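As structure tokens, the structure follows; a few thoughts come after it.
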Amino acid sequence: MKKLFISSLLFSVLTLNLLADTNTTESNSTQESTLEINSTDVNSTAQKIKKQLEEQMKKEEKYAQEQRFYQGDEYDLSSYEVDRSSLDSVPLIEPDYDFDMDDVYD
């Protein structure tokens, strides 16, 4: 996924460079100034894209770590399992149903 995104990003930057270089309809002086402006635009755009790409990769790494934790495949929790035969020795606690709130409203 990351390789596909990076390759498409590089392809778009290269396409922008080719479009800037093939501007042949203007005169040479105007073309040179346009290419300088376009190259700075392309460089700034490439830097922005690179920064966004790095941020997205950091988010994906964080997501992968969280998913590994939530799936719990790496954790052995068998030592924390309850033995069903030991539950017989635990006394049953009956709930107290005579809860009265009348004195609160006085």
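General remarks:
- Subset tally (residues that are acidic (D, E) and in a loop (DSSP other than H, G, I, E, B)) for region 41-98: 8
- A search for C-beta distances below 7 Å between a residue of region 53-80 that is without any contact (Cβ under 8 Å) to a residue 12 or more places away in the chain and any residue that is outside any loop (DSSP other than H, G, I, E, B), counting only pairs 6+ apart in sequence or on different chains, returns E74/R68.
Each value in this text was obtained by applying a stated rule to the coordinates, not by laboratory testing. This structure is a prediction, so every number in the text was calculated from the model and none was measured. FYI the Cβ positions are ideal-geometry reconstructions off the backbone, even for glycines, and counts take in every protein chain you see.
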